[in-house]
């Protein structure tokens, strides 16, 4: 399925993407002391796509607030090495200095991910079953097993509770196709390949409204 | 991919291989040999068990439907042997393979997980059989199974005999069928002999009985 199928959500037009990307690539990160710069970089560069505090407004850009610190470090390194690729994010990561990564990860992981609200309640209801039970027939493990109650995440298992639905659905499809292949143990590729379109859309819809409790 | 294919090829060739050379059911592979010698660390095992929770549940109670077995309270030796058998392809389960292969679990982690699981309490709210087979199942069990699986279904850690009490009914039934029909290749040959003459209705009765057994007291 294509992004255009995600009817009820705002999709940024390509123009915005390009402007944001160009804006970012043209940017040379200032300063020398990395730790002090994390806030500056966040407030001048990352904010364009990931929003204030890492809570992006545009649903195809992930919220990065409250992600596990180690997970953020790993993703930024993977974008830089090419283990994970994104036309938009890879050039941004490439422009970072290696010593910027840890402070940025510390900064964003200390922010709080702000949940949204599910639009399609029926889908979210089915998605909840997928999240809590998986699918015994096809061997989809319950997401809660690794991503924990309310999707808060744990160590290498990132927070997914509160994340944008279109982003989640997109990642699941990239895992299934192998376009994203930086997952530990190949876990997510194995799981996404077993899921139906309906399961993917529904679980994504369920995750939107999950709040930490 | 290779690792995934190999067991399948082995299975395809199995009938001819079986004639040539019957493996000893408890002749464990390198991985298990190593894991059995390691003193498992339950705390580390709890963390290593996270990827298993999506199917076997956080408390390792499995699913009452029997789709996934209960692992809590099972003997560590049995768990180590079964996990290693899955890794080496002696026992095959495609659903679990991506989460338990050698690419994610080494001998230390296997020992840790086994030690953690062995110490977990056993839930008595397992998936039970219909109850109608219990008296016949009791007779059959006392005659053919008790010698290895024990009076209370407690099994035997030293001999790698699994605890079968309070396991989910559908899982027990499925395994009993697989073992009878020669489809679970790591089975004990004496057990295969004992269960070979069983009709499906006998298996249902004895599985019913085992599923109703209370969780054995463990020291």
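The values are calculated or read from the model by the stated rules, or taken from the named source; none is laboratory data. Everything numeric here is computed off the predicted structure, so don't read it as measured data. Because the Cβ atoms are built from the backbone with ideal geometry, glycine has one as well, and the counts that use them run over all protein chains shown.
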* Asked: Would a scan of segment B:157-164 turn up a residue that is closer than 17 Å to residue B:65 by Cα, in contact (Cβ under 8 Å) with a residue 24 or more places away in the chain and either buried (at least 17 other Cβ atoms within 10 Å of the Cβ) or outside the structural domain of residue B:80 (by TED's automatic domain parsing) (or both)?
  -> yes
* **Failed criterion for residue A:141 (all others in (1) at pLDDT 95 or above; (2) out of contact with any strand residue (DSSP E or B) (no Cβ under 6 Å at 6 or more places or on another chain); (3) within 14 Å of residue A:211 (Cα to Cα) hold)** => (3)
* Please state which one of B:199, B:180, B:136 is at pLDDT 95 or above and out of contact with any helix residue (DSSP H, G or I) (no Cβ under 8 Å at 6 or more places or on another chain). => B:199
* To do: Among the residues of segment A:177-197, write down those that are crowded, with 19+ Cβ neighbours inside 10 Å and farther than 16 Å from residue A:146 by Cα.
  => A:180, A:195
* To do: Report the residue count in segment A:119-141 for those that are surrounded by fewer than 22 Cβ atoms within 10 Å (Cβ to Cβ), within 14 Å of another protein chain (Cβ to nearest Cβ) and free of Cβ contacts under 8 Å to residues at least 40 places away in the same chain.
  => 5
* Quick one: count up the residues across segment B:98-112 that are away from chain A (no Cβ under 14 Å) and crowded, with 19+ Cβ neighbours inside 10 Å. => 4
* Structure fact -> Of the residues in segment A:169-200 that are in a helix (DSSP H, G or I) and more than 23 Å from residue B:95 (Cβ to Cβ), the one that is nearest to the other protein chains (Cβ to nearest Cβ) is A:169
* In segment B:53-97, which residues are over 25 Å from residue B:214 (Cα atoms), surrounded by 22 or more Cβ atoms within 10 Å (Cβ to Cβ) and within 13 Å of another protein chain (Cβ to nearest Cβ)? -> B:54
* Structure fact -> Per the list (1) out of contact with any strand residue (DSSP E or B) (no Cβ under 9 Å at 6 or more places or on another chain); (2) closer than 28 Å to residue A:52 by Cα, residue check on residue A:147 breaks on (1)
* Looking only at residues in segment A:142-155 that are within 13 Å of chain B (Cβ to nearest Cβ) and part of a loop (DSSP other than H, G, I, E, B), which one is farthest from residue A:69 (Cα to Cα)? -> A:142
* Condition test on residue A:116, is it outside any helix (DSSP H, G or I), surrounded by fewer than 22 Cβ atoms within 10 Å (Cβ to Cβ) and in contact with a helix residue (DSSP H, G or I) (Cβ under 9 Å, 6 or more places away or on another chain)? -> yes
* Would you pick out the residues in segment A:41-74 that are on the phi > 0 side of the Ramachandran plot, in a helix (DSSP H, G or I) and surrounded by fewer than 22 Cβ atoms within 10 Å (Cβ to Cβ)? -> A:53
* Selection status of residue B:130, part of a loop (DSSP other than H, G, I, E, B), under 23 Å from residue B:203 (Cβ atoms), away from chain A (no Cβ under 14 Å) and over 17 Å from the mean Cα position of the chain (by Cα) -> yes
* **Failed item in (1) outside the structural domain of residue B:62 (by TED's automatic domain parsing); (2) surrounded by fewer than 20 Cβ atoms within 10 Å (Cβ to Cβ); (3) assigned to a loop (DSSP other than H, G, I, E, B), with residue B:139 passing the rest** => (3)
